[in-house]
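Q: Take a look at the following structure, please.
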Amino acid sequence: MPDRGGGLNVKRGARGNPSGLRAGDPNRWLAALLSLLWPGLGQMYGGRWGKGLLMFFGQAANLVLLFATVGLLSVPALWLWGIIDAYAGAARAPAAASRRPAASGGSQTAARRA
């Protein structure tokens, strides 16, 4: 799409949506906010449970280590990484519909093929 003045080239998503997000996609800012509250929450919100649980319990371990002064650097580092990763990961996450379990019986799949 050529630049139409103003220096901003915005690519449009489905149905003219300038954000490019589909309904059901994770919100980047909400993912980052959840990770601000506690690392790993944004990743779990985005559907990346393994990484989210690792960060969640890793931060809990860091807080324990903080009392031994080992965690003085690791606590804020993991926290910041969690925020940035949750924001970036929400953009790459699949739509919520693809994370839902399929209906039993397969009748919907047969109807789509017909």
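Q: How far is it, in nm, from the label point at Leu80 to the one at Leu65 when both lie 7 Å from their Cα along the line to the Cβ?
A: For Leu80 paired with Leu65, the spin-label model returns 1.6 nm.
Q: Here's a follow-up. Around Gly89, with a cut-off of 10 angstrom between Cβ atoms, what is the net charge of the other residues, counting Lys and Arg +1 and Asp and Glu -1?
A: Numbers: positive: Arg28, Arg48, Lys51, Arg92; negative: Asp85.
Spelling it out: positives minus negatives among the neighbours equals +3.
Q: What number comes out for the charge environment of Gln43, summing +1 per Lys or Arg and -1 per Asp or Glu over other residues with Cβ under 12 Å away?
A: +2
Q: Let me check I've understood the local charge: for Ala31, count other residues with C-beta under 14 angstrom from its C-beta, Lys and Arg +1, Asp and Glu -1. What total comes out?
A: +2
FYI, it's all coordinate maths here, none of it is from the lab. Quick caveat: nothing in here was measured; it's all calculated off a predicted structure. No Cβ is skipped: glycine too gets one built from the backbone with ideal geometry, and neighbour counts run over all protein chains shown.
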